[in-house]
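Engineer: Pasting a structure below so you can have a look.
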Amino acid sequence: MRRMLLWSLPALAVVAALAWLVRTDAGYVLLQYRHTRIETTLWFGLLLLVLALLVLSLLARSVRLVLRLARRLRGGSLAAVGRSRRDATAKGLRAYFEGDWERAARLLARGAGHSPYPLANHLLAARAAAARGDTVLAEGFLALAAELPDAAAAVSVERARVKAQSGNHAAAVSALGDGSASAAALELLLQSLARTGEWERVAVLLPDARRERLLRSEEH
């Protein structure tokens, strides 16, 4: 109680002083802009100024809260999209190994943007599209894969695999070059050369095939 009295006395003194000032001299404020003219007392003008500052402060706080809420909602929405696309990769892989080629191609392509290994997404999507006979879509996925860094060798092998699956073994041979990019490229090249009857090239590549252990014992 004593503390309240101690705080109220200075407040009452300030109020009394203000009341005395208002009665002694109310002051005069004139605001004019073009044909608009506002006249008021100094003290009423100060009161309006304080109220205007309070309103501006509340508006600023409201705007900050709205912007903060919008950022949180946007962040949550983006995170949900990211989770959905990561889930798409997992579902696409499951569909791929289950042989559901159409669903696998669609989900793997959808999840590529949020996959830690987008090259694998695009290559498996291309293989799934080729498995269902859609070589045009498979080539589109391979073109996307080719835009990724250090993807040339893997893309050339997968492109040759798509060509071979469609029966175009000559195009597969052309896509593989000399087959030196990898053991997978060499193995696929040997298979495609055998299909096209280019036995001389097969004979030239046999030492490399033995070194990579690509031949079964009865083929040595």
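Table: residues versus (1) within 28 Å of the chain's Cα centre (by Cα); (2) modelled with pLDDT of 90 or more; (3) buried (at least 16 other Cβ atoms within 10 Å of the Cβ); (4) among the polar types (S, T, N, Q).
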residue: VAL162; (1), (2), (3), (4): no, no, yes, no
residue: SER182; (1), (2), (3), (4): no, no, no, yes
residue: LEU188; (1), (2), (3), (4): no, no, yes, no
residue: SER192; (1), (2), (3), (4): no, no, yes, yes
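Here's the yes/no breakdown for (1) among the β-branched types (Val, Ile, Thr); (2) within 24 Å of VAL136 (Cβ to Cβ):
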residue	(1), (2)
GLN165	no, yes
ALA170	no, yes
SER180	no, no
ALA183	no, no
TRP199	no, no
VAL202	yes, no
GLU212	no, no
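Engineer: Can I ask one more? Condition test on ARG127, is it surrounded by fewer than 24 Cβ atoms within 10 Å (Cβ to Cβ), at pLDDT 90 or above and either within 16 Å of the chain's Cα centre (by Cα) or within 19 Å of SER166 (Cα to Cα) (or both)?
Structural biologist: Answer is yes for this residue.
Engineer: State the number of residues belonging to the range 164-178 that are closer than 21 Å to ALA120 by Cα and surrounded by 19 or more Cβ atoms within 10 Å (Cβ to Cβ).
Structural biologist: Going through the range 164-178 one residue at a time, the tally reaches 4.
Engineer: Among SER180, SER166, SER156, which is the only one that is farther than 21 Å from ALA128 by Cβ and small (Gly, Ala, Ser)?
Structural biologist: None of the other options fit; the residue is SER180.
Engineer: Would you list the helices (runs of 4 or more DSSP H) that sit entirely within the range 1-119 and hold 3 or more residues that are at pLDDT below 60 and either surrounded by 10 or more Cβ atoms within 10 Å (Cβ to Cβ) or acidic (Asp, Glu) (or both)?
Structural biologist: 2-24, 42-97
Engineer: Among (1) open to solvent by less than 70 Å² (accessible area, probe 1.4 Å); (2) under 20 Å from GLY167 (Cβ atoms), there is one condition ARG132 misses while meeting the rest; what is its number?
Structural biologist: (1)
Engineer: Which residues, taken from the range 135-150, are open to solvent by 40 Å² or more (accessible area, probe 1.4 Å) and either farther than 26 Å from GLY167 by Cβ or in contact (Cβ under 8 Å) with a residue 12 or more places away in the chain (or both)?
Structural biologist: Passing the criteria: THR135, LEU137, GLU139, LEU144, GLU147, LEU148, PRO149, ASP150.
The values are calculated or read from the model by the stated rules, or taken from the named source; none is laboratory data. Small disclaimer: the values here were computed from a predicted structure and weren't measured. Backbone-built Cβ (ideal geometry, glycine too); neighbour counts: all protein chains shown. SASA here: full protein model, heavy atoms, side chains in, ligands and nucleic acids out. Shrake-Rupley method; radii C 1.70, N 1.55, O 1.52, S 1.80 Å.
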